[in-house]
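To start, the structure under review is shown below, and the notes come after it.
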Amino acid sequence: MSNYFLLFFSLLINLFILFIYFSKKRIDLFENKMYISLALCNTVCLLVETLCNLCASNILSIDKNIIVRLFLILLLLWGCILTIYTNVISTKKEEKYNLILFSYLIVFLILIIPIFFLHIDFLSFDGLYYANGEAINYIVLVASFYILINMILILKNYKEIGKKKLPIIAYIFLMTIAISIHNIDPTISAINALETFVILFMYFTIENPDLKMIEQLNIARDQAEKANHAKTDFLSNMSHEIRTPLNAIIGFSEALMEEDIPPSAKEEVKDIIMASDNLLELVNGILDISKLEANKLEIVNTEYSLSKVLNDLVVLTKARIGEKPLEFRTNFDPSAPAYLYGDYARLKQIVLNLLTNAVKYTKEGYIEFKVSTVKKDDICRLIISVEDTGIGIQNDKIDKLFLKFERLDLDKNITIEGTGLGLAITKKLVELMQGKIVVQSDYGHGSKFTVAIDQRIIASPTKPIDEDKALEIEEVDASGMRILVVDDNKINLKVAERLLKDTKATITCVDSGFACIELLKNNTYDLILMDDMMPKMSGVETLHKLKEDPNFAIPTIAMTANAIEGMKEKYLSEGFEGYLSKPVNRKELNSTVMKYKK
Ligand code: ADP
C-alpha cells in the first residue's frame, strides 16, 4: 500500500503546482509551456499508474496490457518533453524552438513503436504486483538515452543555463539511481515520485512569469525613453543648426534696413526679415509641439503684473500691424486685479498667437482685444477675446483649425506667411493651463477667438516684479563700455559686432574659450557675451575656468543658439548672469548692454 500513498502524495503536489501556475498572470514563454506540459504529463502518468495498480490487484477489471503500455508511453513522453525543455534553455534562439519541438516529437513517435509489440510479464512478489520483461527493459534503455542527451546538453552549456540546470542535474542523478534500484529489485518503483520532485524543484528555477513581464515592460520603457531622448537631441541640434545661420540672416538684414539703400532693396530686405522670422517661428513651433506632445512643457507659475503683460501684448501687436489700415481697439476690465499668480509667459504666447493671426488674416477694419474678468474668492477668471474683421473661417473647417500643420483657405491665404502650428500650440497650452478656447466666425466677415483661463489673485506681490524693460528701450548709448564677444563662428562674431555698433561700446571679438582666457589675463571688460557650443572648450567650461580665479567678476551672458525650453535656467545655474538666444533680438541685446553699463 505504500505505493498508493506515494502516488497520492505525488498527485497532490502535481495538482497544487498546476493550480498555482494557471492561477498566476503570465506570459507564455516557450520554456514555461514545456514546463507545464511536464507537470500535466506527470499528472496523467500518476493517474494511469494508479489505474495499473488497481488492475494488478484486481480491483479494476481493465486489460492490464493496454493500461501498462499506455503508462510506458507516458513515461517516454515525459522524458521527451524534459529533453526538449533542456534543449530550449540551452539555446537562446527562439526561432529554433519549433524545430526542436518537432524533431523530438518525431523521434518520440518512432521510439514508442516497439512498446506496442514487445512482451510484458505481470508478476507478483510478496503481495506486490509489478511488470517486467522486454518492454520494460526497452523503456529503461530509452530512458537512459534521454538521460544521456540531457547530460551532454548540460555539460555543453553549463555556464549559459544558469540555475535552471539544477533540477535537470537532479533528474539525471536520481533517475540513474532509480533505474539501478529497479534493475536490482523490480518491485520498487518510485519513478513518478522522482519526476514530481524534479517538477517541484523546477518550479523555483523556471522563468518567473511575473518577473519576466516586469522585465519586458522595463525594457520597453527604456527603449521608449531612449527614443524620446534621441528625438529631443535631434530637435535641439536641428534648432541649433538652423538658428546659427538665421542669426546672420536676421542680424545683417536688420542692420541693412538702417543703411541708406534704394527703396526697392529695402522692400526686399523686409521680405528677407519676414521670411526668416517665419522660419524661426517654425523652428520654435516644432520644438514647442514636440515638447507638448511628450508632456515635457511645464507650466511655471510666478507672480506677475497683468497690466504689464497686456501692455507688452499691445506694443507687440501694434508693431505687427505696422502700416496696415487696421484700427486696434483695446477694452480692458478696469476692475481686473493688478497682480496675478500664473504662467504669464505662456499666457502671453497664447494671446500673442491669436493677436498675430488677427493681424495676419485681416486686411482692413479693426481688431478688438478685450479682457474681462470674473472673480471668485482668490481666483480670477480671465476672459480674453480677440475679434477681427478679417477673412473669417468656414464653419465646416473650424474642427480642423487646431490641428497641427493645418492651414485653411489656402487660395486666399497663399500670400500670408504661416506654419499651421500656432493654433495647435495655443490649444494645447490653454489645456495645459486648464483653460478653454472657443471660436466664432462669420466667413468673409471676421472671427472671434475667446480664451478663459483661471489665475490666482495676489493682493500685493511678495517681491518686486521683474519689469522687463526690453520693449521700452529706444536710445542706447554705451560709449566707453568694453564688451568682449566669444564665438567660434566668424559670421556670428560679425553679426554681434554689427548689432552692437550702435551702442557705441568698444567691441572685442575672440573665436574660442582659450583665446578668451588668454585675453583676460591682461585685459578687463565690462561685459562678456559668450557662445556655448564651441569646439574643444564650450562656453560653460570657459566660464568655469574663468571663475577659478576668485577675482573674476565680469558679468558673463550666454548668447547661444541653444534655445530649447529650460536653457535659461540651465545657463543661470552654470554661473552665467543672463541668457540671450540666437537669433539675437536687437532690443533684448540693447537692454542687456544698458543693464551692465557702469
Ligand atoms: P498659421 O501659421 O497658418 O497662421 P495657425 O495654426 O495659427 O497657423 O492657424 C491655422 C489656420 O487657421 C490659418 O492658416 C488660417 O487659415 C486660420 N486662421 C487662424 N486665425 C484666423 C483668423 N483670425 N481669421 C481667419 N483665419 C484664421
(request) Go over the candidates L519, L572, L546 one by one and state the one that is in a helix (DSSP H, G or I), aliphatic (A, V, I, L, M) and in contact with a Cys (Cβ under 9 Å, 6 or more places away or on another chain). (result) L546
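May I ask you to say which residue of I169, I113, I81, I161 is touching a helix residue (DSSP H, G or I) at 6+ places or on another chain (Cβ under 6 Å), at pLDDT 90 or above and either of a type in the set (S, T, N, Q) or open to solvent by less than 90 Å² (accessible area, probe 1.4 Å) (or both)?
On the way: I169 fails: touching a helix residue (DSSP H, G or I) at 6+ places or on another chain (Cβ under 6 Å); I113 fails: touching a helix residue (DSSP H, G or I) at 6+ places or on another chain (Cβ under 6 Å); I161 fails: at pLDDT 90 or above.
It is I81.
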(request) Residues being within 15 Å of I191 (Cβ to Cβ), modelled with pLDDT under 90 and open to solvent by 90 Å² or more (accessible area, probe 1.4 Å): count how many of those fall in the range 137-158. (result) 1
(message) For N87, only one of the following conditions fails: (1) in contact with a helix residue (DSSP H, G or I) (Cβ under 8 Å, 6 or more places away or on another chain); (2) modelled with pLDDT of 90 or more; (3) open to solvent by 60 Å² or more (accessible area, probe 1.4 Å). What is its number?
(response) (3)
(message) Cβ-Cβ under 8 Å, sequence separation 6+ or interchain: first residue in the range 331-356 and over 19 Å from I457 (Cβ atoms), partner small (G, A, S) and at pLDDT below 90. Which pairs?
(response) N353/G422; T356/G422
(message) Checking L354 against (1) within 13 Å of the ligand (Cβ to nearest atom); (2) farther than 24 Å from T302 by Cβ; (3) out of contact with any helix residue (DSSP H, G or I) (no Cβ under 6 Å at 6 or more places or on another chain): exactly one of these is not met. Which one?
(response) (2)
(message) Can you tell me which of (1) part of a strand (DSSP E or B); (2) closer than 14 Å to N590 by Cα is the one D477 doesn't meet?
(response) (1)
(request) Could you tell me whether K504 is in a loop (DSSP other than H, G, I, E, B) and surrounded by fewer than 19 Cβ atoms within 10 Å (Cβ to Cβ)? (result) yes
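Can you give me the number of residues within the range 380-398 that are among the hydroxyl-bearing types (S, T, Y) and either farther than 13 Å from L326 by Cβ or under 35 Å from the mean Cα position of the chain (by Cα) (or both)? Reasoning before the result, please.
Initial filter on the range 380-398 (among the hydroxyl-bearing types (S, T, Y)): 385, 389.
With the extra rule that they be either farther than 13 Å from L326 by Cβ or under 35 Å from the mean Cα position of the chain (by Cα) (or both), the set shrinks to 385.
Here the count works out to 1.
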(message) Can you pull out every residue in the range 39-78 that is surrounded by fewer than 20 Cβ atoms within 10 Å (Cβ to Cβ) and acidic (D, E)?
(response) D63
(message) Criterion first (at pLDDT below 90, under 16 Å from T196 (Cα atoms), assigned to a helix (DSSP H, G or I) and assigned by TED's automatic domain parsing to the domain that holds L194) does L6 satisfy it?
(response) yes
(message) Out of N311, N295, N301, I need the residue that is over 38 Å from the mean Cα position of the chain (by Cα) and closer than 24 Å to L423 by Cα. Which one?
(response) N311
(message) Show the residue pairs meeting these rules: Cβ distance below 6 Å; 6+ apart or different chains; first residue within the range 480-507 and in the same structural domain as L546 (by TED's automatic domain parsing) and modelled with pLDDT of 90 or more; second residue assigned to a helix (DSSP H, G or I) and open to solvent by 50 Å² or more (accessible area, probe 1.4 Å).
(response) I507/E497
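The values are calculated or read from the model by the stated rules, or taken from the named source; none is laboratory data. What you are looking at is a predicted structure, and each value in this text was computed from that prediction instead of being measured. Because the Cβ atoms are built from the backbone with ideal geometry, glycine has one as well, and the counts that use them run over all protein chains shown. Only protein heavy atoms, including side chains, enter the accessible area calculation; ligands, DNA and RNA are left aside. Shrake-Rupley method; radii C 1.70, N 1.55, O 1.52, S 1.80 Å.
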